[in-house]
Structures are given as structure tokens and as C-alpha cells.
Amino acid sequence: MLDKVKEIQSEVADFNAQSIEKLEAFRIAYLGKKGKVTLLFNEFRNVPNDQKKEFGAQLNVLKKTIQSKIIELKEQIGSKKLNSKTEIDLTVPPQPYELGSRHPISIVKNEIIEIFSNIGFSISEGPEIEDDWHNFSALNFPENHPARDMQDTFFISKDIALRTHTSSVQVREMEKRQPPIRTISPGRVFRNEAISARAHCFFHQVEGLFIDKNVSFGDLKQTLSYFTKQMFGDKTKIRLRPSYFPFTEPSAEVDVSCTICSGKGCNVCKYSGWLEIMGCGMVDPNVLDNCKIDSKIYTGFAFGMGIERIAQLKYQVNDLRLYSENDLRFLGQFKSANI
Ligand code: DAH
């Protein structure tokens, strides 16, 4: 009997399992109902009395050895599995990251900024919540001008409103410093309009202002001609039509030769060959004086354009609502144009 125990002991010592299945088979073979060790326990009563003590002790040791061997091997197999899970396979090609894209309004805004920075314009910004003085009064709007109407302007109180244009930043810049002033002011503006493909309650503008001695209408024309050629291509022409703004005198509306048909006539320019892109003019002397700039010494020009309008012409986007809907199918189309 004792020989049997020794024999099993050496079998157990030699055993080494690579898998949980093999280990389970080992357990059954020794400790299962018909296992070798269980059978030895069953034979205990046939052992002569004087050997019972030693045999029992050895049998118990054997059983414990097998049990702890099973636990030990189980842990080994488990940790091997874990290790193989965390092993890094350096040959697997990485998942490509999906690149984001800039919003078309940001792309066009950055382009406008770059074009004007190249000819010495600085960038200035002002608040979106503005007082009556900066948005209207200083800009020479008469008391009963329709733009002040509740229909157009989001008023917060009698004197405070969401700015209706970035021309308010002109006033702030002129109040801050004396000429020469050469600055552009990009920003968001608000109007109380019903939302449709052609109108929105908020949009973006870039205001331009140049004040110095002897600034002429010719300088304004050259600056705008330079800008449109940079923006839409060398062959682009501009045309100025007389217009009216309270803060400029004389004032003009600026058209560019159609960016689609180059002026031949198509349905985008409604067969006129021209597309309207901004307003401009010579800063009204009243505005200079309102901002403590001596209108007898200084003259200047100003212009204002809608960023959505420029983007619409550049990218053929015909619905203004697309710019604020955050539809990834729309935004994802500007990936290659990131600047
Ligand atoms: N502020 C005008 C608007 O929102 C645009 C504009 C026109 C700005 C003429 C100017 C300008 O500086 O000279 O419609």
C-alpha cells in the first residue's frame, strides 16, 4: 500500500498541465469518485491496524499535495492567458484617426484675415452685447432710423442690444486710439429675422477700417480690388454702385464679377454677371468727430462684408441654415480646405 502511495506521489510530481482541460482530467484521475487516491482511501479499512496511522498520514499528505498542485497549476494557466491578452502585437497596422475639419465660416474668416494682414491690417474684436451708442448713435444713425426698430434688433433693454453689425467695433477702435488706424474686425452679429435659406437671426461679418491723413476713395477701391483678386482669383473685377449708409459718405455697394461664369451670365448671378458682396464708403466726418478724431485732419474708409456670403460664393452653399446645423455630412466636406 505504501508503495502505491509513493508511486502516485512521483506521478503527481511529474505532472504538468498546459490547459485547464488537462488539469481537470488530472483532478478526476486522482481525486474523482473513482480516482486513484479516492480508491486508496476506500481501501483504508483493509490496512492492518498497526500500519493504519502511517498510511492515513501519508494518504492525507498525498491528497493535500495534489490539491495544492491543482491550485498552483490553475493560477499558472490563468496568468499565462492574461499575459497573452495584454501582449502587444507591433505588426498590427494602427486604426487611422478620423481627421476633423474646420467650419467653413472659420476657413473663410481665416482667409480674409490673412489677406488683410498681408497689407498691414490688425485684428480687433468687440462685444456681442452692445450699447446704443456703439451700435447706432456714434455711427450717425438718426433717432428714428428703421435699423433701430424692434423688428431688426434684439434689444436686451432700452439701451442694450445684441449688435446688429460689426461696425460697432470701428467706434470702439477709434475711441481707443488716434490714427493711423488700419484694422479688420471679424465677429458674430444678430438680427431679428425669420430663419430661412436666405436669412438667419445670427451670422458673421468682417468690418474694415482705415483712418489716416489723405486717405481717398481711390485707396478704398484699390484695397477692395486687391482683396477680391486674392479671395476669388486674379481675373476678378469689382464694380461700385452708389448706396447709402448713415456712417459713410459717399457710400457704395460692391459687386464682384460672377465667380461661376466670370461675368458671362449664369443662374447664380441671375444673368447679370455680377454678385453683391459688401458695403463700403468714406467714413462720415460726423462719425470721426463722435469718436474724438479730428475730421479736419483725418479721412478714412470703411467696409463691411458677410462671411456667410463669401463662403456661399466660394463653396456654392445656397442655404444659410447649413452653417449652424452642425450636420457632419456638410461639415466633413471642408476637410481639404483647412487653413
Ligand atoms: N454695417 C453694414 C451692414 O451691416 C455693412 C457696412 C456697410 C459696413 C458699409 C461698413 C460700410 O463699414 O462702410 O449692413
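The values are calculated or read from the model by the stated rules, or taken from the named source; none is laboratory data. All figures in this text were calculated on a predicted structure; none of them were measured in a lab. All Cβ positions, glycine included, derive from the backbone under ideal geometry; neighbour counts span all protein chains shown. To get the accessible areas, we keep the full protein, side chains included, count just its heavy atoms, and leave off ligands, DNA and RNA. Shrake-Rupley method; radii C 1.70, N 1.55, O 1.52, S 1.80 Å.
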To the nearest Å², the heavy-atom accessible area per residue of the chain with 1.4 Å probe amounts to 58 Å²
Which one of S216, N49, S68 has its Cα pushed farthest toward the positive end of the charge dipole of the chain, where Lys and Arg give +1 and Asp and Glu give -1 at the Cβ? N49
Most mobile listed residue (K270, K63, K221) in the chain, GNM with C-alpha springs under 10 Å: K63
Work from the charge dipole of the chain (Cβ charges, +1 for Lys and Arg, -1 for Asp and Glu, about the Cα centre) and give the residue of S185, S251, A147 farthest towards its positive end. S185
Set the bar at 30 Å for Cα to Cα. Now go through K292/K314; K221/K270; K221/K335; K158/K296; K176/K314; K176/K235 and name every pair that lies beyond it. K292/K314; K221/K335; K158/K296; K176/K314; K176/K235
Rounded to whole Hz and in sequence order, give me ³J(HN,Hα) for segment 249-266 from the Karplus expression 6.51 cos²θ - 1.76 cosθ + 1.60, θ = phi - 60°, writing x for Gly and Pro. 8, x, 10, 8, 9, 9, 10, 10, 4, 3, 6, 8, 9, 6, x, 6, x, 8
Around G273, which amide H atoms from residues at least 5 apart in sequence, or from another chain, sit under 5 Å from its own amide H, with H modelled in the peptide plane? G265, C266
Under the Karplus curve 6.51 cos²θ - 1.76 cosθ + 1.60, θ = phi - 60°, whole-Hz ³J(HN,Hα) for segment 121-138, x wherever Gly or Pro sits: 7, 8, 10, 9, 9, x, x, 7, 9, 10, 8, 4, 4, 6, 7, 10, 4, 5
Distance from the Cα centre of segment 280-306 to that of segment 108-184, in angstrom? 13 Å
Which of the three applies to segment 101-195, rounded, prolate or oblate, going by the alpha-carbon gyration tensor with a ≥ b ≥ c and a/c under 1.5 meaning rounded? oblate
Per residue, the convex hull enclosing the alpha carbons of segment 1-77 has a volume in Å³ of 68 Å³
Most mobile of R148, R45, R188 in a GNM of the chain (Cα contacts under 10 Å): R45
As a test of the formula, what do you get for the chain when each DSSP H run with n ≥ 4 contributes -39,500 (n - 2.57) and the sum is divided by the residue count, at 222 nm and rounded to the nearest 500 deg cm²/dmol? -12000 deg cm²/dmol
GNM result for the chain, Cα springs below 10 Å: residue of N135, N286, N46 fluctuating most strongly: N46
3J(HN,Hα) from dihedral phi, segment 217-227, Karplus parametrisation 6.51/-1.76/1.60, rounded to Hz, x for glycine, proline: 5, x, 4, 4, 4, 5, 4, 6, 5, 4, 4
Tally up the carbon and sulfur contribution to the accessible surface of segment 118-227 as a whole percent, 1.4 Å probe, everything protein left in place. 51 percent
Taking Cβ-Cβ under 4.7 Å as the only way to count a partner, pick out the unpartnered cysteines of the chain. C201, C280, C291
